[in-house]
Amino acid sequence: MMRILLTLFVTVFYISAYANEISDNAAPADKDKAGPPQQIIDACKSKADGDSCAFTGPRGKEHEGTCHTLPRNGSLVCIPKPPKIAIDACQNKKEGDSCSFNAPDNNTINGTCLTPPHDKKELACRPSHPTKPDAQKQN
């Protein structure tokens, strides 16, 4: 369950962090394919930037977060709170410091302490290399 939360956090964190890299010249169909998952958009309908939000993940788990406007396309999406292990990895550190934590599968994740764009309150360890959900675990 922690792996799913970690994967979701990393995915959404990358969507928000790299949203400005989506090309403004891409065809509308390309932008739709590159856009955020519908459930994180729906979670912020009738809400404003900074409002609390919640959505149900792909495996039925409820996630709490904060509505955040993506810089390039203006979509208001629900960004989940970083997992506790990512926050704990940056305790007593400052922005830009190296960090690491053990993922639920016991792999060490190395990264950098950053303030998530939607939550300026606490640092979280952003992995240096994005993780990919295990496509074979469809159970």
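Against the test of being surrounded by fewer than 19 Cβ atoms within 10 Å (Cβ to Cβ) and touching a Phe, Trp or Tyr at 6+ places or on another chain (Cβ under 6 Å), the options ILE85, ILE109 yield a single qualifying residue, ILE85.
Against the definition (at pLDDT below 85 and in contact with a Lys or Arg (Cβ under 6 Å, 6 or more places away or on another chain)), how does ASN20 come out, yes or no?
The answer is yes for ASN20.
Annotation note: of CYS78, CYS67, CYS90, the sole residue that is modelled with pLDDT of 90 or more, surrounded by 13 or more Cβ atoms within 10 Å (Cβ to Cβ) and under 16 Å from ARG126 (Cα atoms) is CYS90. When you look at ASN102, is it in contact with a strand residue (DSSP E or B) (Cβ under 7 Å, 6 or more places away or on another chain) and at pLDDT below 95, yes or no? Considered against the rule, which asks whether it is in contact with a strand residue (DSSP E or B) (Cβ under 7 Å, 6 or more places away or on another chain) and at pLDDT below 95, ASN102 comes out as yes. Among residues belonging to the range 71-90 that are assigned to a loop (DSSP other than H, G, I, E, B) and either without any contact (Cβ under 8 Å) to a residue 12 or more places away in the chain or in contact with a Leu (Cβ under 8 Å, 6 or more places away or on another chain) (or both), point out the one that is farthest from GLN38 (Cα to Cα). Only one residue fits best here, namely CYS90.
The values are calculated or read from the model by the stated rules, or taken from the named source; none is laboratory data. From a predicted model like this one, the values you see are computed outputs, not experimental measurements. Using ideal geometry, Cβ is built from the backbone for each residue, glycine included, and neighbour counts are taken over all protein chains shown.
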